[in-house]
Amino acid sequence: MPRRDLPLTCCVVFLLATASGGCGPSRPARIPAPALDPTAVATAAAATGDLDKLPAIAFGRVVLDTDKDKKVSQAELTTWLEEVRDSRVAITSIALQVSHKGKPLSSAQVRLVPEACMAGGIKEASGQTDQSGMSMVTIPGSEYPGVNCGLYRVEITGTGNDGKPLAAKYNSQSTLGVAVGGMLPENGMAVFELN
């Protein structure tokens, strides 16, 4: 007489082996978030003068200015940085959309350069815009897509839609910035309209 419980026994053994890690691919190790000292970063940022003049802070003012007095204080920046640190997010995805003279800008190089106040705690990220002016920036050489959370100066280089090189205020002397983490950029996308 055939044994009917044999297929069930084989199935149970397989499930136990898989659950115990004996079969199947292993999960990648968790990426540690960069070390971040909110007080030190906010103090370094404040030492530059008006916090609102830092492009990354000006970019994130809507979220950072919690008391709605139209300026970002050192305390507000510290609070945001604490939220970023406490989230323990090592790398997050953001999209950049770039337009020039009202039209999407393709084939532009985009770099996110950490603001000096970040004290080397985060890495530079880069990407290139596609036909729709979109770029998903990433840390060069990283096996994971995305960027570290923090404050960045944004540099956009290439040829504008008028056939001329983009102005220095968008690259070597950039006045553009982005804050990443703690609900920024809003909807996961930073929009830059160059003229």
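No lab work stands behind these numbers, since they all come straight from the coordinates. Everything numeric here is computed off the predicted structure, so don't read it as measured data. Don't worry about glycine lacking a Cβ; one is built from the backbone with ideal geometry, like all the others, and counts go over all protein chains shown.
As a rough footprinting exposure proxy, the listed residues Arg61, Arg111, Arg88 were ranked by other beta carbons within 10 Å of their own, and the order from fewest upward is Arg88, Arg61, Arg111. Listed values for the stretch 125-132 are Karplus-derived 3J(HN,Hα) couplings in whole Hz (6.51 cos²θ - 1.76 cosθ + 1.60, θ = phi - 60°), namely 9, 8, x, 10, 6, 8, 4, 8, and x replaces Gly and Pro. Ranking Gly102, Ile57, Gly150 by how far each Cα lies toward the positive end of the dipole of the stretch 38-194 (charges on Cβ) leaves Gly102 at the top.
Annotation: the residues Val137, Val191, sorted from fewest to most other C-beta atoms within 10 Å of their own C-beta, follow the order Val191, Val137. Going from the residue with the fewest nearby Cβ atoms within 10 Å to the one with the most, Val89, Val72 rank Val89, Val72. Close amide H partners of His100, meaning residues 5 or more places away or on another chain with modelled amide H under 5 Å apart, are Leu105, Leu194.
Taking 7 Å steps out from each Cα toward its Cβ at Asp130 and Lys53 produces label points 3.9 nm apart.
Peptide packing: for 138-144, 102-108, the average count of neighbouring Cβ atoms within 10 Å per residue gives the ranking 102-108, 138-144, highest mean first.
Kirkwood Rh over Cα pairs of the stretch 38-194 into Stokes-Einstein at 20 °C, 1.002 mPa s: D in µm²/s? It comes out at roughly 136 µm²/s. Compute the distance from the alpha-carbon center of the stretch 140-183 to that of the stretch 47-73, in whole Å. What the calculation gives is 19 Å, centre to centre. So, in nm, how far is label Asn195 from label Gln109 when the simple model puts each one 7 Å beyond its Cα toward the Cβ? So the two model labels end up 2.8 nm from each other.
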